[in-house]
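Read through the structure below, which is laid out as structure tokens, and then see the notes.
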Amino acid sequence: MSAVRKAFAARGTAVPFIRVLLAMGTLAMPGVSVASDLLGSSRGGSAQWDFCYGKPDGAVLPADPRTLVQPGISNGRAVHFNAFWKNCHVNPEAVQEEGAARTCGELRGRFSRGEGLLTNGHPGVGALFTGTDATRPEAGFGIATFSAAQYNELWRVWGFPFRPDNFDALVAQRYGSGLSTERNPYPLPLQLPNRTNGGSGQLPQMLTQLRNPDGSWSGRMGVTCHACHSGVVGTPSDGPGLGVLMGGGSSLADLDLFLSDLLPLGYPASLATFLNLNRTRGTNNASDINLAFLFPDEEPLTPSEVIGLINSGSTAGMDTPAWWNMGHRPVKFIDGVFPMDAPRVDMVFYTPFLGLFGGLGGPVSEAGQDWMRANGPALNTWVESLKSPPYPLPVDTSLAEQGAVLFHTLDMWAPGRNNAVPRPQGNGSCASCHGAYSPRYVNDPAFLATPALAGMASYIAPLRIIGTDPVRVNTNNAAVQSAGAKNFFGYPQTAGTAQDCGPQNQPHLRGDREHGYLAPPLYGVWATAPYFHNGSVPNVWEVLKPADRKPIWRRVSAPPRWDQPLVIMGFDTSLQRAYDSTKVGWKYDTIACQWRTPWNPAVSPYINCDPGDEFRTPLAQEIMAVLFSNLSASWNILFPPTRTRQQLEDRKIYNTHAFGQDNGGHEFNAVLTDPERLALIEYLKTL
């Protein structure tokens, strides 16, 4: 049991949450004092889940703090909210989905189901586009799964003359996924899964072997949510709890390469590789909702909606946010497009394949949707309970306390700072957008209406203020918003009610709030590099000092085994070798700009710049951006799947000249001094 959970179990329900944090200090973090009203963190997760530790099943749950985020609650306060909680389950019968848990027993039961769905190798585990049963017609009879025989042949695609003895480790490195210490089996060649308890091999976290309806091993594998949502930071030798971080968001994965490798082995889902899902390792475009919304649930799309969806453009790549912050966000996704109480939207890719086609597939599609109705809430309950890991390295307590004061009170628009960026709502500090964490300020009514809102962040910063790459927001245009309201994942049964759970950026729901990006809570921020919604900045220092950002950079790769110098390795996750504890993020190499012709068919990171002119977007990129911005699914349509070793290595390069990958924005931090930046960074380590 974590320190937070023990504290709640010991103190009971009458003790306010923030007083527990005060008593615990900073959870015995290395190098940090244990009694401070400036330092302390709940590590995110779910306040209701924390409440239930030590309580009987019949204990009635208190109000979820997220439900308190309603219009007017932040008026005149330091921390500002402009996106609000919606209850998607006012009428559970209408949405055919269970509402919020009422007791600790209900919450625990839901948690248990969700844990099984997202625990690799579990009898109830699910996989992308499959649900839990690959034999069902709504799952396309396992169209999104592949056999152990296919998986065991991957080494041939890599060009090896024989199966390497470290095959499992190389799979994890090549496709960017951790090898967990928990058993995640698959059958090796000539093994029968049900005679070897699943097999002797170890799958990476991104994959799982599914079970048959009777609980026996199926010998078929599928991709899991952990491919994008569970990364790797450090190794077990770096400290306890390090290695695979459940729900931390992965900046390692190369699913495009995975699909490309399985294509010649007959994996049907690999046909998606011809869309070339992205061009940069560690990013994904999983929230390309403009494609999902092409299929309405009941009411047909209008011609203008169809045209608007087609010319909405491509969403480009994004960095996966951390699950452990979901319990402190009333809305979800980087532009706040859906309420957090819309669980089926989070796990859209677990929906059995034909359930994605709305009313088009008739009863078979409905069966796929029924699976999500039954399992979405449980999936969310487990996800929201996850906690961020404590910072594993020493912290300068005195400097961190200075940073806590600056984080909550430093007005970057104060007279004399001469900030050229328009001022946001709130008190002008980091906390005004990202939430309040220090007990001193959480308990101050000038910051929050109630201490229950500790760590809550729900401010969508307008594009004119945040200034980060606008591609993702612009792609979700008016047609995408209105079509989404007709889609199964947009809860059409709630349309027109006070608790409308369709896309929240529809004009009648958004009101006068400007389009922009949602400032996330900062729990475990030290473990979630790179930063910004598109992963364009490798460390916190450069978030806070825009002038130091590099246009083209590449994270350090893990060293290969001495006898395999030419294998494709993933990014190095060792804290000793690859982590920058001063700047808080990953070490990287700056890449010099090189020129290649615009018609070069290779997936090259260099097409977007000219020698000696790294800071200007070149004509070739501008021309391609017109195509990418006006045609759905066109992202990388000009580029074939990557195959050569150099192409695969080039995918590790982050080029901020590329479409959707700009590293500008957050420019208001330019008014900070370097000592202020160092203090802020030291404080962020403690969250």
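The values are calculated or read from the model by the stated rules, or taken from the named source; none is laboratory data. The structure displayed is predicted, hence computed values, not measured ones. So basically every Cβ, Gly included, is an ideal-geometry build from the backbone, and we count neighbours across all protein chains shown. Accessible surface areas use protein heavy atoms only, side chains included; no ligands, DNA or RNA. Shrake-Rupley method; radii C 1.70, N 1.55, O 1.52, S 1.80 Å.
Miscellaneous remarks
- Size-normalised alpha-carbon gyration radius of the range 167-326, reference 2.2 N^0.38 Å: 1.22
- Over all Cα atoms in the range 147-201, the spread is summed up by Rg and Dmax: 11.5, 31 Å.
- For the chain, a simple Cβ point-charge model (Lys and Arg +1, Asp and Glu -1, everything else neutral) yields a dipole of about 920 debye relative to the Cα centre.
- For the range 160-166, the Karplus equation 6.51 cos²θ - 1.76 cosθ + 1.60, evaluated at θ = phi - 60°, returns couplings of 6, x, 7, 5, x, 5, 10 Hz by residue, with Gly and Pro reported as x.
- Its residue count N fixes a reference of 2.2 N^0.38 Å for the range 381-442, and the Cα radius of gyration divided by that reference is 1.44.
- Residues whose amide H lies under 5 Å from that of T315, counting only those 5 or more places away or on a different chain, are A633; hydrogens are built 1.01 Å from N in the peptide plane.
- Taking 30 Å as the limit for the C-alpha separation, the pairs K55/K486; K86/K587; K545/K652; K86/K550 exceed it in the case of K55/K486; K86/K587; K86/K550.
- Net charge contributed by nearby residues that have their C-beta within less than 12 Å of I653 (K/R +1, D/E -1): +4
- Relative contact order for the chain: 19 percent, from Cα pairs under 8 Å spaced at least 6 residues apart, divided by residue count.
- Percent of Cα-Cα distances greater than 20 Å, calculated over the range 286-415: 63
- The slack in the chain from V405 to A149, taken as 0.36 nm per residue of separation less the alpha-carbon distance, amounts to 86.4 nm.
- Taking every Cα-Cα distance in the range 302-353 and sorting them into 10 Å bins starting at zero, the pair-distance distribution P(r) comes out as 19, 38, 36, 7, 0 percent.
- If you take the Cα centroid of the range 119-180 and the Cα centroid of the range 546-570, the two points sit 25 Å apart.
- Square roots of five times the Cα gyration tensor eigenvalues for the range 44-92, Å: 26, 16, 8
- Column: log10 I(q)/I(0), Debye, Cα scatterers of the range 461-543, q = 0.15, 0.22, 0.23 Å⁻¹: -0.69, -1.05, -1.08
- Additional length obtainable on full extension of the chain from R183 to Q576, 0.36 nm per residue less Cα span: 138.9 nm
- Accessible area (Å², 1.4 Å probe, nearest 10) - F84: 60
- P(r), alpha carbons of the chain - 20 Å bins starting at zero, rounded %: 18, 55, 26, 1
- Backbone HN-Hα couplings from phi across the range 647-657 [Karplus 6.51/-1.76/1.60, Hz, Gly and Pro as x]: 4, 5, 5, 5, 5, 7, 7, 9, 10, 6, 7
- Taking all protein chains together, W526, W371 sort by accessible area into W371, W526, largest first [probe 1.4 Å].
- Taking every alpha-carbon pair in the range 393-486 and binning the separations at 5 Å intervals from zero gives 2, 11, 16, 17, 15, 14, 11, 7, 4, 2, 0 percent.
- Calculated SAXS-style log₁₀ I(q)/I(0) at q = 0.23 Å⁻¹ - the range 454-503, Debye, Cα scatterers: -0.92
- Compared with the direct C-alpha span, the chain from K587 to S304 gains 97.2 nm at full extension, assuming 0.36 nm per residue.
- Principal axis extents of the Cα atoms in the range 87-171, from largest to smallest and rounded to whole angstrom, are 60, 29, 22.
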